[in-house]
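Have a look at the structure below, then the notes.
The values are calculated or read from the model by the stated rules, or taken from the named source; none is laboratory data. Worth saying up front: this structure is predicted, and the values here are computed from it rather than measured. Only protein heavy atoms, including side chains, enter the accessible area calculation; ligands, DNA and RNA are left aside. Shrake-Rupley method; radii C 1.70, N 1.55, O 1.52, S 1.80 Å.
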Amino acid sequence: MPDTTLVIDLVLWAVYLLVGVAVAAALWSAVHGVRTHERTTDAIASRHTSMIGWATAALLAVILLLTYLLASPAPVVSNGKPFTDALWLRLTDMFIFTSLLLICICSVLVVVAKFRR
C-alpha cells in the first residue's frame, strides 16, 4: 500500500499546477481580449466595450483587495488540529466573501436588467 502522505502531496501539487495554469490562462485571455477587441460602442451602455472590460477587471481587483483586508486571521480548528496560518485563513475568507459578493451583484444586475425595459 502506498504511503498516504506521498499520494496527498502529489494531489496537492497537481491541484497547485492546475490552479496556476487556470489563472495564467484567465489572465492571458483577459489581456488578449482587451487588447485585440475592436473599439465599438456597446448598444446598452453607450461606452467602449474595452473600457467596460478594464473597469470590470479593476473592480474585481478592488473587491479582492477589500475582502482580503476585511478577512479574519483568527485560528480555526480543522480535524481536531488548530490551523493558525494567517495568510491562508485570510485568502480563504477572501475567496468566500468575493464569491458571495459577486453572486449577489450578478443577481441584482439580472433583476435590474430584466425590469429595465
Put 94, 51 in order of accessible area, largest first, probe 1.4 Å, and you get 51, 94
With all protein chains in place and a 1.4 Å probe, residue 27 shows an accessible area in Å² (nearest 10) of 110
Contour minus Cα-Cα span, residue 101 to residue 14, at 0.36 nm per residue, comes to 28.4 nm
Tilt, helix 86-115 to longest principal axis of the chain (alpha-carbon atoms), in degrees rounded to tens, equals 30
To the nearest Å², the heavy-atom accessible area per residue of the chain with 1.4 Å probe amounts to 84
